[in-house]
Amino acid sequence: MARRAVLVLSAALLASSALTACSTQGPAAGPAPGQASGAKKGAGGRITMGFAQVGAESGWRTANTKSVQEAAKKAGIELKFSDAQQKQENQIKAIRTFIQQKVDVIAFSPVVESGWDTVLKEAKDAGIPVILTDRAVDTKDTSLYKTFLGSDFVKEGKAAGEWLTAAYANEQGPVNIVELQGTTGSAPANDRKAGFAEAIRADGRFRIVASQSGEFTRAKGKTRAKGKEVMQAFLKSQKDINVLYAHNDDMALGAIQAIEESGKKPGTDIKVISVDGIKDAFVAMTEGKINVVVECNPLLGDQLMELAKKVVAGESVPARVETQEGVFPQDKAAAALPSRKY
Ligand code: GZL
């Protein structure tokens, strides 16, 4: 009982000191570095979140942005949103702006894994808690963020590799694989590559004969046509391709265009393995053009807002909140398509 009384008292003290800090003029004294503000700034105690999004590079990202924006509205959280167009310097600028604006919490999906310690330390020193969502950072100082919400990309890569080894259980090798990697230096690209390589390593039949970044993009109008463009290059440089492993659906769908334009049948002449699970990929599976999709769930908004409320209130949260995902082989696509949410 005594312990609880102490906790309640200290929380009240923390809140009142934070409130005092917020109401003082000049640079807010703010709570001790690394401590959540505890107080809710803005009209009527509304939490303000600064969200630095990667960009708008893929169907997955569009769904992720929509999920975050809708969830903020539902949760009554004021959202300051920035789109970094896949550039780390833009995300760093956005985080610095959020710090100047004294938001209550910062959430972001780091476009690449490294180079975040300085700006995250600035947020910590300003007493603003940070939540990593979707992608991770490779910092040694885990006190720089409160929690990570997202997928296990190594697991996704492994699932892709395990599907392939099972698909070739009764066939001879060699099996030549080309790999369309995601954004260079990003956690999903690094980990999906590592997980896939680990899953096929023991089976000598599989060889990755070419691997290059398609930057997670398809081939649409203004968007850089990387998935299609890189696959065209693979088709020119590799005389015998059996499998395409694409780190996301947008690149797979762009590559399918290149495969068809080369006169080959995607899904038959060249097996296609993809990751994300956007609706267009499910349609492509029903058309026999993609053989399997490893799901990566972008609908993180509601969980993010719940975590944000806890973090701002100074409550403890798990260090890592992993999303649950499935693997959809082609024969399951038609039944699953009507209930797909992104
Ligand atoms: C994965 C996410 C990746 C998606 C891509 O969580 O970061 O970025 O797989 C997106 O579609 O561009």
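If a paramagnetic tag sat 7 Å from the Cα of Glu322 along the Cα-Cβ line, which residues of segment 151-171 would have the backbone N under 11 Å from that point? Once the point is set 7 Å along Cα→Cβ of Glu322, 151-156 turn out to lie under 11 Å by backbone N, inside segment 151-171.
Gaussian network model of the chain, Cα springs within a sub-10 Å range: biggest mean-square fluctuation belongs to which of Ala281, Ala75, Ala166? Of Ala281, Ala75, Ala166, the most mobile in the Gaussian network model is Ala166. Using only side-chain charges placed at the Cβ, +1 for Lys and Arg and -1 for Asp and Glu, the dipole size of segment 153-296 relative to its Cα centre rounds to 340 debye. Could you work out the pair-distance distribution P(r) of the chain from its alpha-carbon pairs, with 10 angstrom bin width and percents rounded to whole numbers? Histogramming the chain at 10 Å steps yields 6, 25, 29, 19, 12, 6, 2, 0 percent. In percent, rounded to a whole number, the relative contact order of segment 153-296 is 24, using alpha-carbon pairs under 8 Å and six or more apart.
Among the helices of the chain, those built from whole DSSP H runs whose Cα atoms reach 20 Å or more along their own axis and whose mean Kyte-Doolittle hydropathy is at least -0.5 are 2-23, 153-167.
Does segment 71-126 classify as rounded, prolate or oblate by the C-alpha gyration tensor (a ≥ b ≥ c root eigenvalues; a/c under 1.5 gives rounded; else a/b over b/c gives prolate, otherwise oblate)? Present the calculation step by step, with values, prior to reporting the outcome.
Details: a/c = 2.06, a/b = 1.34, b/c = 1.54.
The shape class here is oblate.
Can you tell me the relative contact order of the chain? Whole percent, Cα pairs under 8 Å, sequence separation 6 or more. Mind dumping the intermediate values first?
Numbers: 726 pairs, mean separation 59.6, N = 342.
Dividing the mean separation by the residue count of the chain yields 17 percent.
For the chain, give the magnitude of the charge dipole about the Cα centre (Cβ charges: +1 Lys/Arg, -1 Asp/Glu; no others), in debye to the nearest 20.
780 debye
Since only Leu180, Asn190, Thr142 are under comparison, the one whose Cα sits farthest along the positive direction of the charge dipole of segment 115-190, derived from C-beta charges on Lys, Arg, Asp and Glu, is Thr142.
Here is the list for segment 312-342: GluC sites (Glu not before Pro) lying in DSSP coil, each with at most 14 other C-beta atoms within 10 angstrom of its C-beta, are Glu315.
Read the figures in this text as sums done on the coordinates, not as results from a lab. Everything numeric in this text was worked out from a predicted model, so none of it was measured. When we count neighbours, we look across all protein chains shown, and the Cβ atoms used for this are built from the backbone with ideal geometry, even at glycine.
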